[in-house]
Amino acid sequence: MTDKRKVAVWTAIGLAILVIAWLVFRPKELRVLTGAVLQLDPVPGRQLPIANAEVTLADGLSTGSATSDPTGLFRLRLRPGVRIGQMVTVRLNHPGYRPMAIDEYVQDRPYVIRMVPASQEATTSGDPVNLVADVRVRYAGRTEITENVGSASKVFEVVNVGDTPCPRHSPCSPDGKWKAAVGGTALDAGEGSEFHDVRVSCIAGPCPFTKIENDSFSAGGRQISVSVKNWSDTASFLLEAEVTRIASHEGNLVSFPVIFGRTMSFTLPASARGPSIEASVKGESMVYPVGPMARLSWASCVVTVAKDRTKLYRCELKPGYSFK
């Protein structure tokens, strides 16, 4: 074999090796960008999910747009050719929040994006503030009681830092990629009482990246507990239940919403009938029936229905109103 032929052969072999290495080690394509949209706030308990936020990629790199659901979750489908490690511009739009355009490297991880509200509270503009006070939720239902009809609730947080790779000795996300934290809480109804219609809801933080780890509440009873796994940033949960006693009784029940800043959250069991919200608005006591869409003159509400038909209501005050 001549020297020229040897050079040609080795050149061909080298090129083949380079092509094979490029095919094997080039970044993989990513088909879907997954994340959650939250309201920007320094307090984790007030980082509420934002529904109906429109999410797109600049330069036509997504097949269209995605819309966040009531938990803030979005899944944006990407065009073929978008690879891990590629820089893209993520755009978000929502009527109640400032438009955003952020540069991100494409990664196979859950994204958490926080939007800034477009309007400030009424007090900053000098306009008079309409106060909303003494808010309570009433509804009819059958419960086992003889006395002390009421409800119990407890807010708890599962503290974690998102986007942290999971070491082998720690709790991990379901796919094993991200470090997770497990937290929970418990309630005791006391001697002779039991919990019924128990519900656990994520009310703030990146709810799509959480999962109930231990269900010791669905069956009710005197003592109930729950533990939740969270593989993103800190998330807040609400554990609520009705307190009952032996006899079955049909009556009106009262529940008090949890209020964070300008937002209130409450849940209703599947058996709840004729719910209404009682509140003092501008100094006048009013009753507001709660229909399927929960329309209020002083707040905008989003309703999420769970698999067990429990309903979670999140209501944010409209401009010009403030909780007392």
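Return only the number of the condition from (1) part of a loop (DSSP other than H, G, I, E, B); (2) modelled with pLDDT of 75 or more; (3) polar (S, T, N, Q) that Q120 does not satisfy.
(2)
Could you please let me know if S276 is of a type in the set (S, T, N, Q), closer than 25 Å to N160 by Cβ and assigned to a strand (DSSP E or B)?
When the stated conditions are applied, S276 does not pass them.
How many residues does region 302-320 contain that are open to solvent by less than 40 Å² (accessible area, probe 1.4 Å), more than 15 Å from the chain's Cα centre (by Cα) and closer than 17 Å to C202 by Cβ?
Of the residues in that region, 1 qualify.
Could you please tell me which pairs satisfy a Cβ distance under 9 Å, a separation of 6+ or placement on different chains, a first residue in region 308-320 that is β-branched (V, I, T), and a second residue that is open to solvent by less than 20 Å² (accessible area, probe 1.4 Å) and assigned to a loop (DSSP other than H, G, I, E, B)?
Every condition considered, the pairs that remain are T310/P269.
Table: residues versus (1) among the aromatic types (F, W, Y); (2) at positive phi; (3) part of a strand (DSSP E or B); (4) at pLDDT 90 or above.
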residue: R75; (1), (2), (3), (4): no, no, yes, yes
residue: R109; (1), (2), (3), (4): no, no, no, yes
residue: I113; (1), (2), (3), (4): no, no, yes, yes
residue: P128; (1), (2), (3), (4): no, no, no, no
residue: A133; (1), (2), (3), (4): no, no, yes, yes
residue: T143; (1), (2), (3), (4): no, no, yes, no
residue: E147; (1), (2), (3), (4): no, no, no, no
residue: V155; (1), (2), (3), (4): no, no, yes, yes
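If you check Y111 against the conditions, is it open to solvent by 40 Å² or more (accessible area, probe 1.4 Å), aromatic (F, W, Y) and either in contact (Cβ under 8 Å) with a residue 12 or more places away in the chain or more than 21 Å from C207 (Cβ to Cβ) (or both)?
no
Taking I259, is it part of a strand (DSSP E or B) and closer than 17 Å to Q39 by Cβ?
Here the answer is yes, as I259 does meet what is asked.
Considering only region 157-182, state which residues are surrounded by fewer than 18 Cβ atoms within 10 Å (Cβ to Cβ) and within 16 Å of the chain's Cα centre (by Cα).
V159, V161
State whether the residues of region 207-217 include one that is closer than 21 Å to F256 by Cα and touching a residue at least 24 places away in the same chain (Cβ under 8 Å).
yes
Tell me which residues, restricted to region 85-107, are at pLDDT 90 or above, open to solvent by 40 Å² or more (accessible area, probe 1.4 Å) and in a loop (DSSP other than H, G, I, E, B).
Those that are at pLDDT 90 or above, open to solvent by 40 Å² or more (accessible area, probe 1.4 Å) and in a loop (DSSP other than H, G, I, E, B): Q86, Q107.
The values are calculated or read from the model by the stated rules, or taken from the named source; none is laboratory data. Note that the structure is a prediction, hence the values are computed from the model and not measured. Here the Cβ is made from the backbone with ideal geometry for all residues, glycine too, and neighbour counts use every protein chain on show. Each accessible area value is taken on the protein alone, full model and side chains, heavy atoms only, with ligands, DNA and RNA left out. Shrake-Rupley method; radii C 1.70, N 1.55, O 1.52, S 1.80 Å.
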